[in-house]
Structures are given as structure tokens and as C-alpha cells.
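Okay, structure first, notes after.
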Amino acid sequence: MTIDAVGLTKQYRDVLAVDDLTLHTTPGEIYALLGLNGAGKTTTIRMLLGLIRPTRGQVTLFGEPVGPGRNTVWARIGYLVETPSAYPELTVSENLQVLARLRGLREEKAVSDVIARLGLQPHAHRRAQTLSLGNKQRLALAKALLHQPDLLLLDEPANGLDPAGVAEIRTLLHELAHQDGVTILLSSHILTEVARLATRIGVLDRGRLVWEGATADLVAQARPRLRVTVHDPGHATAALRAAGHTVSTEDGGLTLTEDHAIHHPDEIATRLVTAGCPPTRLAVEQDDLETCFLRLVSHA
Amino acid sequence: MSTATAAMWTELLKARRSRLPWVTAAAFTIAAGFGGLIMFILQDVRRARALGLLGTKAALTGGTADWPAYFALLAQITAVGGAVLFGVIVIWTFGREFSQGTAKDLLALPTPRTTIVAAKFAVTTGWSLALAIQTYLLGLVIGAALGLPGWSAAVAATGLGKLLLTAALTIAVVTPFAFAASAGRGYLAGIGALFLAVFLAQVIALLGYGPYFPWSVPALVTDIAGPGRQPPGPLGYGLVAIVGIAGTLGTALWWKHADQDR
């Protein structure tokens, strides 16, 4: 097991930032922590890294406890926590040299390799203060990847990147996980990215892990429903309810979630025509990932 | 390369690439020049009187225009200017990591956090001592240009010794500002602590308790309070050492153990 966190809890005075979180990852897995702002994603990553001590619970990475003085564990981890940061007066290359030295690497090769991998060659000799947000994010990712870690902890890795950059990073992370066997735990609120990238998802809400499973399982939770648009929703609702259907109204239309209605929309149309309020639109729709996520969070 | 050497290299690179070394060097150059100006005024009493207030102030601080007086003045400049500028160096070196958000990149590495803190203190100490030596060397050039009387190798050695002692004491008493900048996670807390210490050093020295207040001791070593005032004794030096050790260890322990949640 790469990450083994049991009962992690972090309490800041009267704020419970993370509440009894248990989380495990296996080598080569891409695990995404999904949550709204303030859900506890960054605090979780900081606890996994040993930057903050849990109030309760414990973390081991590669079977070893993590925290101050556990420098051999840190040698195997690459990380990006919150906003990308760099020494503004140093160049991209120098910023990486600083970390390469502190990681005991053969500086020139490690730096040039990671610069090439992240597409930072045109900016290698530019001062970090002149970089765009997207390139600052690339530099932060380069720092995380510099030493070819076995575990990557990435807090919102796609922040600030343009769509092409997001796709590049997605491909890179896929390669790292599937070709090099790197375990990746990332946090995000960009649901579509998570769905494309992660093999497993944990949904955090107010510090609690409210759902965990394969990405496919989350998508499978998406519920189909029949959406009906009519000129007179009140009359149509009454007619359908009289026929024994469960109907809810939202956004001026009618919604039916029962299986029979979803599989036989023609019957619903017939009933409405018979009742004198023919539908102007009738469609079976399915929740997207975002709706699933918001439903999980709101139920929590 | 050992982790200590690597940490030193990185701290030196960061310092070298910033503007602060130039700013501090310029400040001490101006200060040494100011000391030379005072000697220049004191060399000619009529000229000093013609300059009014500046002449009066020069008479108060230096008295005579010779090498021993000039070396004493340079030590006083190092004590007073160093309290602020050495403090700024320490606050910048530690506080920048939090103000610029780079601290988190240093906290989960194979290089121990305490090694990084030690490297930072080594660089700030070397930097501060270099400024003190620069002040001395500039003083030699300016004093020679002014043709100050009273030169001897013994006077020059005593002047250097006192200046380095003053610098060392000042370096020791600014270490708690590193703790303030770290625990306050930025420049502001360090600057606040610096102002408080400088203010209290003035007030407590005026009240006559300066020899027992560590932040007043470096200036009192230079006889800044004038002849006949009680110089710092072993207790004063001991308190400075305790502050230096507490500041260094406190900073190292804070970096090693404190929750890094920002």
C-alpha cells in the first residue's frame, strides 16, 4: 500500500477541518479527492505529507510513518500544495536547481529532463516572476516531478492551465501512473478532469469522506429521468398524478424518475395528449458527474 | 555534496540573486561615509561651527578627529545600523519563504529542516560580518584619505576587534527576529519584533538598565553612552548569548515541529 491513512482528524479550535478520514491507495493508482472549497482537501494533503500533525489518526507512506525527521520517506514523494510558488528573482532553471540540490540529485540532468518533460524550455532562463500563472503551475509540477518520485501528492494540479495545458498534464500523469507505476493522489474540484484521470475518487464534504469508489461507479450513480415541457404544467401535473405517476416540477417543466415512465415515455405523451396538454418537449436525460457530486455533497 | 553544503549553496544563490545584499552594502557604505564626514568636520573646528547643528552632533559623538575616535564611531554605526539592517537580513531570509509561499517546498525534503535553518543562519551571519568588515575597510580608506592622526597597528587591530565584537553581539540579538518572521509566517511579525526591540533598547538604556537588556548591550560595548557610563559586564554578555542561542534554537525547533498549515 502506498498511502495508508487511518482515522485522520484535524481540529483547529472550533473548526473540524478533517473528520475521521481513512484512505488507502495502491501503487500506480490515480486517486482523486473531490470536494468543494473548504472541504478539507488541502488539509488532508498536508497531513499526508507530514506538514501538519493530525489531531487523531495516523498516516504511513510506503509502510513508514511520515513527519518531521522522516526524510527518507520524503525523498520518494513529489508534491504540489495549494498555489504554485517560486523564488521570483531566480530563473526557472535556478528554481529547479535549488530543489535538485536539496534532494541530492545530479542537478543538470534532473533539471534539464524535467524542463523538457513539462515543456518549459522556452522559459528556462526567465525569472520566475515573469512567468504566466500557467507556466508557474508547470514549474510547480516540475518541482514535484524533478526526482522521479514514487508518490505524487498534487493539490489542484490543473489550476491556471489552459485547456491544452490541462490535456498535456493529464497525459503526463496517465503516463506516470500507467508506465512508471507512480501513485498519484490529487485534489480537485474540476469534475470532468477527475473523471478522465482518476481511477478512484473520494468525495470530501466538510472534512468527511462521504463517498469513495471507482470513477465508473460514480458515473453509474447518475440517475436517468424523464423531462417534460408543457404549456400548462399545473394541468399536466394533475393529470399525471391522477394516473398514478410521481411528478415533480422544476424550471417550469415536469420531471418523472420512475423506471416505467423513463422506459415508456410514449405512454406519458399519450396521457398528456388525452388530458388536453400535449408536451412540447419530452426527453430522457441523465445526470452528469457534477450533478452526482453535488447530490452526494448535499446529502452529506 | 552533503545536505549542509547543498543547503548553503541554495541560500547563497537566493541571497546573491536578490537586491538586498546591494541595498545593505550601500547602507553601510553611506554609514561609513557619514562617519568620515563627521571626522572631516571635527578636523576643522571653524568649519564644524559653520555647519551648525551637524557640527554640534559630530562633537557629541566623536569629540576628536583621530583613528581611535573614528574606529569607535564605526563600531557605534555597526551597533545601531546593524540592529536594524542585520535584523532586516534575518527577517528577509526567513520571512520571504512564507511571504512568497516557498516554505512549503522546503519542508518535506531529504534535507532536514534544521539543516536548512542552519544554512540560513550561516548565510545571515556571514552576510552581516561581511558588512561589518566592509565598514571597517571603507573606514581605513576614508580615514587614510582624511589623514587622521593616531594610526598604529595596535589601534587598527583594537578597532577591528571592537567592531567585530559589536557585530557578533548584534548578530546574536537579531536571531529572535528569525523566529518572529517564521512563526508569524512573513515579514510583518519580524519587522514588528525588530521595531519593538530597537525601541525598548533605547528606552531601557536611557533608564540606565542597558547593560542588562540584551538589545542595548552591543551599542553600550562601543561606549555610545559616553565615558563614565557602566559598560556591559559578564551578565550582559551572557544575556546576549542566551538570546542568540534561544533565537537560533527556537527558530530551528519551530521549523522542525510546528504545524505548517499555511
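Since every read-out is calculated from the coordinates, none of them should be taken as a lab result. Owing to the predicted nature of the structure, the values given are computational and were not obtained by experimental measurement. All Cβ positions, even for glycine, are placed from backbone atoms using ideal geometry, and neighbour counts span all protein chains on display.
Just the number: Rg to Rh for chain A, Cα atoms, Kirkwood Rh, two decimals. Working shown, then result.
Details: Rg = 24.5 Å, Rh = 21.8 Å.
Result: Rg/Rh = 1.12.
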>> Rounded to the nearest angstrom and ordered from largest down, what semi-axes does the equivalent ellipsoid of the range A:37-178 get from its C-alpha gyration tensor (root of 5λ)?
In response: 25, 18, 14
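Is it possible to state the helix-based mean residue ellipticity at 222 nm for chain A, with each DSSP H run of 4+ residues giving -39500 (n - 2.57), the sum divided by total residues, to the nearest 500 deg cm²/dmol? What is it? Spell out each step's value before the answer.
Working: 12 runs with 113 residues, N = 300.
Value at 222 nm, helices only, nearest 500: -11000 deg cm²/dmol.
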> So what's the projected area for the range A:157-204, the Cα convex hull averaged over all directions, in nm²?
Replying inline: 3.3
> So what's the angle, to the nearest 10 degrees on a 0 to 90 scale, between helix B:187-206 and the longest Cα principal axis of chain B?
Replying inline: 40
> Which lysines have a Cα less than 18 Å from the Cα of A:K41, not counting those fewer than 8 places away in the same chain?
Replying inline: A:K10, B:K104
>> Along its three principal axes, how long is the protein assembly as shown when you only count alpha carbons? Whole Å, largest extent first please.
In response: 117, 50, 45
> Quick one: Karplus J couplings for the range B:89-102, per residue in order, coefficients 6.51, -1.76, 1.60, θ = phi - 60°, nearest Hz, x for Gly and Pro?
Replying inline: 4, 5, 5, 5, 4, 8, x, 4, 4, 8, 4, 9, x, 8
> Relative to the compact globular guide of 2.2 N^0.38 Å, what is the alpha carbon radius of gyration of the range A:1-82, as a ratio?
Replying inline: 1.05
> So who's got an amide H within less than 5 Å of the one on A:D205, skipping anything under 5 residues away but keeping other chains? H placed 1.01 Å off N, in plane.
Replying inline: A:V210
> In nm, to one decimal, how far is the A:A283 label point from the B:L196 one, both placed 7 Å along Cα→Cβ?
Replying inline: 6.4
> Against the longest principal axis of chain B, how steep is helix B:20-43, in degrees 0 to 90 to the nearest 10, with axes from Cα atoms?
Replying inline: 10
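Computed FRET efficiency, Cβ-Cβ of A:R170 and B:L129, R0 35 Å: what is it to the nearest 0.05? Could you put the intermediate results ahead of the total?
Working: r = 51 Å, r/R0 = 1.46.
That pair, A:R170 with B:L129, gives E of 0.10.
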>> Skipping prolines and chain starts, which residues have an amide H placed within reach, meaning under 5 Å, of the one on A:V18, given they are 5 or more residues away or on another chain?
In response: A:K10
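With n ≥ 4 as the cut-off for DSSP H runs, can you work out [θ] at 222 nm for chain B, using -39500 (n - 2.57) per run divided by the number of residues, rounded to the nearest 500? Before the final figure, lay out the partial values.
Values: 12 runs with 204 residues, N = 262.
Calculated at 222 nm, the ellipticity per residue is -26000 deg cm²/dmol.
Please compute the average number of Cβ atoms from other chains found within 10 Å of each residue's Cβ in peptide B:95-105.
Details: counts 0, 2, 2, 0, 0, 7, 6, 8, 2, 10, 14.
Per residue, the number of nearby Cβ atoms from other chains is 5 on average.
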> What share of the DSSP beta bridges in the protein assembly as shown is antiparallel, in percent to the nearest 5?
Replying inline: 65
> Which length gain, in nm to one decimal place, applies between A:A116 and A:T229 when the Cα-Cα distance is subtracted from 0.36 nm times their residue separation?
Replying inline: 35.3 nm
> How far is helix A:163-178 tilted, in degrees, relative to the longest principal axis of the Cα atoms in chain A, given as a value from 0 to 90 rounded to the nearest 10?
Replying inline: 70
> How large is ³J(HN,Hα) for each residue in the range A:242-254, as worked out from phi by the Karplus curve 6.51 cos²θ - 1.76 cosθ + 1.60 (θ = phi - 60°), to whole Hz, x for Gly and Pro?
Replying inline: 4, 8, x, 8, 8, 10, 10, 10, 8, 6, x, x, 10
> Each residue of the range A:69-75 in order: what ³J(HN,Hα) in whole Hz does its phi give by Karplus 6.51 cos²θ - 1.76 cosθ + 1.60, θ = phi - 60°, with x for Gly and Pro?
Replying inline: x, 8, 6, 6, 5, 4, 5
> What span do the alpha-carbon atoms of the range A:125-258 cover on each of the three principal axes, reported in whole Å from largest to smallest?
Replying inline: 72, 33, 28
>> Between A:R241 and A:D217, what's the calculated FRET efficiency when r is the beta-carbon distance and R0 is 41 Å? Round to 0.05.
In response: 0.75
